[in-house]
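First comes the structure, then the notes that go with it.
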Amino acid sequence: MTATGVRAVPPPGAEPQPMYEMQANGLPPWGPLIAYILMCFGMFLAILDIQIVSASLSQIQAGLSASADEISWVQTSYLIAEVVMIPLSGFLARAMSIKWLFVISSAGFTFASFLCATADTIGEMIAYRAFQGFIGGAMIPTVYSAGFLMFGRQRQGKLMVITSMIITLAPTLGPTLGGYISDALGWHWLFLINIVPGILVTFGVWALVDIDKPDWALLKRIDILGLMGMALFLGGLDYVLEEGARHEWFADDAVRNVAIVAGVALIVFLWRLATAPEPIVRVSPLRNPSFRSGAILAAVFGIALYGLVYLYPLYLSRIAKLTSTQVGTTLLVTGISMIVTAPIAGSMVRKVDPRLVISFGFLCFAVSTHMASQLTADWRFAELFLPQVLRGIGIMSCIVSISNTSFATLPMSDLKDAPGLFTLVRNLGGAVGLALINTAVLERFNFHWQRLGESVNLARPEIAERYEMMQQLGVLRGLPDPDAGAVRIFAGQVTEQALVMSYADCFTLMSILFALAAFIPFLMARPPTMEQAAAGEGH
């Protein structure tokens, strides 16, 4: 131990030890603490950029003269590229060191943000967003590893509260912040706001972080075939999940062909995992029971996190006809609820059986979505307030407990690879959830539209009376064809009600899923509390 309280940096391959002792006030030394905060902020930017464009796609579409099908790729390209980098980050962290991987990732993300702001065509935007997602994806799991290795098991609980809040708050606030920025400054600033913070994060981490040493020889042993298999499998899977619902799944040639390629790539990837001298991904963390259980729960939680972030803005923009800023303001309730709940969740997970906290979180989701299943076309801020409060409580209860459960008993030597696996599983769970939601909305919309269309029959007195009123209104307005105008109004009302009913059905299905998920933790062995894990009492 040196006079500064810093442990000697272990050589490559050695068992990593916590780098810093705590000060008398219970905090880490200021330099490492500032470095960790900068890394957390970089991760926040990377996660925020997944959702920050969601409330502003119409502005980007108009600015780039893109079609409806093309504009969806502004998000899809980012997600596909990011999902490939996340599991790869463990290998790169061992080869390049955490410091240099994060610095390169932050610098590349910042440069890619500048490129996105300068895009003139939809093709350029898609390419730049893919680069941004890939290069920035390494920041997310690297923060987990950095925190554990810098401050050790004793501080894991508090680190998890901070990291978990960032991971969940960023996608929750994404549409809110994106709406404000695009309405006030224009869509280019969705990307330009990353540049100054990105530069500060890059140089700050470069100057302050020194956790481990690189093992550059690993790059010479990189398993190219395994990397290609992983990239094609994960990228293909994400494409199928993103595009399948919009194109009738395997009835579409492109979706079916990509699914076949992804299936073959999976076989290649698994073969290389079993036979390569240095696999591109280490799956040893999955042998740990607590981590394996946590990964299963993280996948279910991903549905709750990303599914609801998607469904609420969809209703508020398409049915409530709110502006991007109004959508953001309405969704801000969840973010405030999370901030208030975070310290309570952190305290509970240190002392209470984590399974109880996780179960409570999923029950909050179940009650929240059950309340939202009573949705009508008139719901606005007031009606959505309590469901969003419960959603915020559920998010923090679940993510803090699941994260702590997953990492509580892992050996320090697994803490460069485990975060990538954990993040990947959570994101894939979210992707599956979004695919299911899109499919359910489409199927239930067709069902309700047909049923409602059958009920709009001029033989019914109330329908005939309303039709005549709309027709006369068209005459008073001087419409060239009042009859056609009345039909259009009826069709619009039927479409709106069918959409509302399909969204309500999705909330019902999700409430059932979350109620069932509340029982999953009790099918697993009891994990240690954070106090037990820190004292070495966990199993």
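The values are calculated or read from the model by the stated rules, or taken from the named source; none is laboratory data. Just so it is clear, the model here is predicted, and its values are computed rather than measured. When we count neighbours, we look across all protein chains shown, and the Cβ atoms used for this are built from the backbone with ideal geometry, even at glycine. Accessible surface areas use protein heavy atoms only, side chains included; no ligands, DNA or RNA. Shrake-Rupley method; radii C 1.70, N 1.55, O 1.52, S 1.80 Å.
On average over all directions, what projected area in square nanometres does segment 140-259 have, based on the convex hull of its Cα atoms? Dividing the Cα hull surface by four gives the mean projection, 12.0 nm². In terms of accessible area, using a 1.4 Å probe and ignoring ligands and nucleic acids, 365, 445 rank largest first as 445, 365.
Once neighbouring chains are kept in place and the probe is 1.4 Å, which whole percent of the accessible area of segment 386-425 is contributed by carbon and sulfur? Ligands and nucleic acids excluded, carbon and sulfur reach 77 percent. Taking a Cβ cut-off of under 13 Å around residue 50, the surrounding Lys, Arg, Asp and Glu residues balance to a net charge of -2, with basic ones at +1 and acidic ones at -1.
Accessible surface for segment 265-377, divided over its residues, is 39 Å² per residue with a 1.4 Å probe. For segment 301-398, the Cα gyration tensor yields ellipsoid semi-axes of 26, 13, 10 Å (square root of five times each eigenvalue, largest first, whole Å). Oblate is the label for segment 251-323, because the ratio a/c of its alpha-carbon gyration tensor axes (a ≥ b ≥ c) is 1.5 or higher and a/b is not greater than b/c.
Does segment 74-231 come out rounded, prolate or oblate by the C-alpha gyration tensor, with a ≥ b ≥ c the root eigenvalues, rounded set by a/c under 1.5 and, if not, prolate when a/b is larger than b/c and oblate if not? Note, shape of segment 74-231 comes out oblate. Counting only residues at least eight positions apart within a chain, or on another chain, the lysines with an alpha carbon under 24 Å from that of residue 416 are 99, 158, 213, 220. In the context of the full protein assembly, residue 247 retains an accessible surface of approximately 60 Å², using a probe radius of 1.4 Å and ignoring ligands and nucleic acids. Using a probe of 1.4 Å, the accessible surface attributed to residue 325 totals some 40 Å² when neighbouring protein chains are kept in position.
Solvent exposure of residue 92, expressed as accessible area, is near 30 Å², computed with a probe of 1.4 Å over the protein chains only.
Each of 249, 279, 236 was placed along the dipole of segment 209-279 (beta-carbon charges, centred on the mean Cα), and the one lying farthest toward the positive end is 279.
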